[in-house]
Amino acid sequence: MSERYSRQALFKPIGENGQKKLLNKHVLIIGCGALGSANAENLVRSGVGELTIVDRDYVELSNLQRQQLYTEEDVRHQLPKAVAAKKRLLEINSEVMIHAHVLDVTPDSLLPLLKGIDMVIDSTDNFETRFILNDLLQREELPWVFGSCVGSTGMSFTILPNETPCLQCLLNSIPVSGATCDSVGIISPAVQMVVAHQTTEVIKLLVGDKKALRSKLVTFDLWNNHYHMMNVARAKKQECPTCGKNPSYPNLQYESSTKTDILCGRNTVQIRKPQKPNLDELANRLRNIAPIKYNEFLLSIEYKSYRLVFFQDGRTLVHGTDSIEKAKSIYNQLAG
Ligand SMILES: [Zn+2]
């Protein structure tokens with residue numbers, strides 16, 4: 001056994017056997033912001049053999065306070081988070097395999113990535129994506145660990161298809177306030193606390209110590225000194241549309257036409273087109289209109305009081321407005 005993992009293998013519940021198991025596991029991390037960065041770093045240092053990371057965003061200065069894989073240089077180069085994360089993770093442990101995907105999570109985009117995956121970590125920042133995960137992972141019978149944090153609070157729950165309640169069943173037990181890091185802020189220890197729960201549950205499952213799983217929903221508020229474990233076993237519902245007897249998976253219906261989302265609290269609208277753009281061609285055209293930044297992953301332009309960022313997967317972020325109409329109009333002026 002490699003010296004690198006000796007202290008972890010000494011820990012009895014893992015042992016040399018558990019360590020060998022970890023080396024043969026493949027974990028998918030959805031979202032590589034604060035939770036995703038910290039979970040990914042933990043798993044890579046722990047010697048989980050293969051990691052797939054998915055993120056739709058790029059690194060900005062306001063991320064550095066809590067998103068531990070990123071640097072000022074990543075901000076300067078406007079690197080997509082998945083790409084910057086992979087680079088840093090391989091510096092930490094060159095023996096693991098990392099797959100990075102810059103994409104928006106939809107049922108269609110996620111399904112191919114589930115092949116060969118042992119389990120999934122939810123590190124997204126929104127419930128829309130979590131409910132897609134909830135349906136898809138229930139249908140594909142993959143275990144996953146839900147986690148979220150905002151302000152000084154956080155929560156986590158481990159979801160085992162056919163055993164535990166799913167996220168839909170828990171709706172009445174979890175506070176979904178709509179508050180986001182972009183509206184009420186966040187302190188990094190809240191991130192680390194959620195991640196401590198998530199990574200530990202993942203390692204328990206990967207080494208096969210199922211009886212050590214927590215089974216309860218954990219919620220906490222670090223600033224106000226609350227820590228709570230809620231028994232939610234009875235929340236599992238027979239008629240649940242996701243994990244019940246006749247599931248309809250309501251969050252997997254997805255239309256492939258143009259879709260727009262207001263990114264809550266960020267003064268940003270995301271426009272998603274079904275077709276992929278030719279960024280070279282777009283760069284040549286936009287260069288004459290306003291200053292652009294262009295790397296192999298994305299193209300950004302400062303135009304009037306807006307900043308538009310075009311991604312290769314057909315998404316565009318329009319920063320500087322909360323209005324879908326205004327965003328579409330600016331988008332059409334430049335790329336329509
Ligand atoms: Zn359910």
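What follows draws every value from the coordinates through simple rules; no lab data is involved. Nothing here was measured: the structure is a model prediction, and the numbers come from that model. Here Cβ is always computed from backbone atoms with ideal geometry, including for glycine, and neighbour counts include all displayed protein chains.
Tabulated data
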| item | result |
| --- | --- |
| ³J(HN,Hα) computed for each position of the range 268-282 - Karplus, 6.51 cos²θ - 1.76 cosθ + 1.60, integer Hz, glycine/proline x | 9, 10, 9, 10, 10, 9, x, 8, 7, x, 9, 5, 4, 5, 4 |
| Alpha-carbon gyration tensor eigenvalues x 5, square-rooted, for the range 1-110, Å | 27, 16, 11 |
| Whether the range 101-256 is rounded, prolate or oblate, judged on the alpha carbon gyration tensor where a/c under 1.5 counts as rounded | rounded |
| Fraction of beta bridges assigned by DSSP in the chain that are antiparallel (%, nearest 5) | 70 percent |
| Kirkwood Rh in Å, taken over all unlike Cα pairs in the chain | 21.0 Å |
| Normalised per residue, the volume of the convex hull around the Cα set of the range 113-204 (Å³) | 100 Å³ |
| Segments 285-292, 73-80, 145-152 sorted - mean Cβ within 10 Å per residue, highest first | 145-152, 73-80, 285-292 |
| Whole-percent pair-distance distribution, where bins are 10 Å wide, for the alpha carbons of the range 202-257 | 18, 24, 36, 19, 3 |
| At 0.890 mPa s and 25 °C, Stokes diffusion of the range 260-336 via Kirkwood alpha-carbon radius, µm² per second | 200 µm²/s |
| Note, ³J(HN,Hα) from phi for the range 295-308, Karplus 6.51, -1.76, 1.60, rounded to Hz, x at Gly and Pro | 10, 5, 10, 7, 10, 10, 9, 8, 9, 6, 9, 10, 10, 10 |
| Signed unit charges on C-beta, dipole axis of the range 95-174, positive-most listed residue Met119, Pro143, Met155 | Met155 |
